[in-house]
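Below: one structure, written as C-alpha cells.
What follows draws every value from the coordinates through simple rules; no lab data is involved. Since we're looking at a predicted model, the values are computed, not measured. Backbone-built Cβ (ideal geometry, glycine too); neighbour counts: all protein chains shown.
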C-alpha cells in the first residue's frame, strides 16, 4: 500500500510554520521543529512493508498547489496528515483537496487537536475519513494493513464499518455517522520503534529545520513519551500520552546517537525533545555513562525541570550536553502552584546558578497570562530573568490548547477572547494571546512579551556576553547569526509592528454561532468557532 505522510502547508508565504512545537507558530527566531510524531508513524508504517512518502510542505515552504502536484506523482492509497489547533481548519481543507484529487484515498488526521475533539473535527468536513487518536503509530499501521489491497471508498457503508470497527484508537465516519473505536493501549516498549533520525535522512532536508538555541544543523528525537508532572498548560502529555511516562533504554538512545554520528555527519547537535528528559534521574545517569563509555562525542540539548542537582548537571555536561531548555514559567510561587508546577521559585535561582557552574547553557521560558498573573507578578518574573542572565530567554503568552486543563479553565471563566481556531496565531502566523488577564487584555499581553524581550536582549550586559561567546566559541557563531537575522526585526518592531494584528472577538459575545461544514465554502480565515460555546 502507498501511504502518504504530510505536514500540510500553512502560511508558507510568511515563513516556516513549526507545527510540532508545543506552541505551534511561525517563530520570531526562525525555529522550525521536525515533524517528529508524523515521522515516527511514517517509520513504523514503512517498517511494516508499506511504500511511503513523507512531505513537509511547511519546511519546504511549498503552497497547496505545489503540494498537490507532489502528491499526484505518488498516487497514495492512504494519506495521513499532521495537524495543530491554529492550523486545523486549513488542515481539513488540505485533506479535502487531496480527496478531490484522489477520490479513492483514505484520509486520516493525527495530532493533539483532533485527538481532543474528534467529533467536532470530523463534523467540519465529510471528506475526512478518520482520526488516529493519541499515539498514532500502531493505529495508522493497522489501518494500512486493513486497507491493503482494497479500495475502501468503493465499499458499501456496512462493509466499511466492518473493516474499520476493530482498529483501536480510531475514530471514523461513514455515511454521516461517527464511530469511536476503543482506545489503543499506549506503547510501552519504545525501543521497538524505528529511529526517527533514519526517517529524516531518507525523506527530509535537515537544513530546513532549526532550533535557535542550538548548533545548526541539528536533529530532534524522542527518548520518552508522557510526563511525570501535571502542568496545566502542557498539551502533549494530556492530549497525546495520557500523562503516562514511558522511556527508551539508555542503550537504545546511545545506539541512535551512534547511528546519527555515522550516517549524518553534517549534524552538529541532537535535540532530545521529551517533555521532560529527567523524569528518571537514574536513566539520565545511565545514558550519560553509556555515551561516555562508548566515546560518542555528538553534542545534545534537552528539556528538563529546574530541579536537577549539580552532580547530574556536571555528568550531563561531561556526556556532551551543551544546552538545557527549561520552563521557569513564573517567579511568583502562587502562580507556580496554581499551574501545578510542583516547584519552588527559589529552585529557579539555584538551577540557573548550578548550570553555570556545570558549564551548560540554558534556554529558559517565562509564560504570561497564567492563573493568578497580574502586572505585578509579571514584573517579578522579568526582574528575575534579568538577574539570571541565562543564554537565551523566552517570554510568551499562555496559549490554551484543547485537551489541557487550562483550556477548560479558560472556557469555564469566559476568558477565551477569539472565536476561531485560526486566531490562535496572528495573520502572519506568530504566537497570539487568546486569553486575557484581570488587568491586561490580550494585545497588552503580547506587547508585554515584546517589551520583556527588548529589556532582556538589548542590555549592554547581555550583548557583551553574546559578543564574547561568539568570539570564544566559534561553534556558537552560526546559530547566533542565523537566529539574529530574523529575531532582530521583532525586537524593534514587536509582534504587531509589521502588519500582524490580533483579530478581536469574544466567545461570550458570539455564543452558538454555527460554523458550517468545511465543505460548504469559504476560507479557513473566516469560519466561526462553535466549540467555545458548545463544548462546556
Radius of gyration and maximum dimension Dmax of the stretch 207-263, Cα, Å: 14.4, 40
Between Rg and the Kirkwood Rh of the chain, both from Cα atoms, what is the Rg to Rh ratio? 0.95
How high is the relative contact order of the stretch 2-180, in percent, with contacts defined as C-alpha pairs under 8 Å that are six or more residues apart? 21 percent
May I ask you to sort 188, 247, 240 by Cβ crowding, counting other Cβ atoms within 10 Å and putting the fewest first? 188, 247, 240
Full-stretch length increase - residue 286, residue 346 - with 0.36 nm per residue and alpha-carbon distance subtracted: 18.8 nm
Neighbouring Cβ atoms within 10 Å as the yardstick, rank 416, 161 fewest first. 161, 416
State log₁₀ I(q)/I(0) for the stretch 1-151 at q = 0.08, 0.10 Å⁻¹ as given by the Debye formula over alpha-carbon point scatterers of equal weight, solvent excluded. -0.19, -0.30
Sorted by average packing, counted as other Cβ atoms within 10 angstrom per residue and highest first, what order do 110-120, 146-156 take? 110-120, 146-156
Give me the angle, in degrees from 0 to 90, between the Cα long axis of helix 375-388 and the longest principal axis of the Cα atoms of the chain, rounded to the nearest 10. 60 degrees
Contour minus Cα-Cα span, residue 379 to residue 145, at 0.36 nm per residue, comes to 78.7 nm
Estimated Rh, the stretch 214-398: Kirkwood, alpha-carbon pairs, angstrom: 17.0 Å
Distance-filtered residues of the stretch 199-225 - backbone nitrogen under 11 Å, label point 7 angstrom along residue 263 Cα→Cβ: 199-203
Convex hull projection area averaged over all views, the stretch 122-211, Cα basis, nm²: 8.3 nm²
MRE, 222 nm, helices only [DSSP H, n ≥ 4, -39500 (n - 2.57), over the chain, to nearest 500]: -11500 deg cm²/dmol
Point-to-point label distance, residue 357-residue 243, nm (Cα→Cβ direction, 7 Å offset): 3.3 nm
Over the stretch 332-448, equivalent-ellipsoid semi-axes from the Cα gyration tensor in Å: 27, 16, 13
Among 472, 44, which comes first, second and so on when ranked by fewest other beta-carbon atoms within 10 Å? 472, 44
Under 18 Å from a label point 7 Å along Cα→Cβ of residue 466: give me every residue in the stretch 24-53 with its amide N that close. 27-32
Potential lengthening between residue 205 and residue 183 on full extension [0.36 nm per residue; Cα-Cα distance subtracted]: 4.5 nm
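With a cut-off of 8 Å between alpha carbons and a minimum separation of six or more residues, what is the relative contact order of the chain in percent?
Over the chain, the number comes to 14 percent.
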With equal scatterers on the alpha carbons only and no solvent term, can you work out the Debye log10 of I(q)/I(0) for the stretch 64-140 at 0.15 1/Å? -0.46
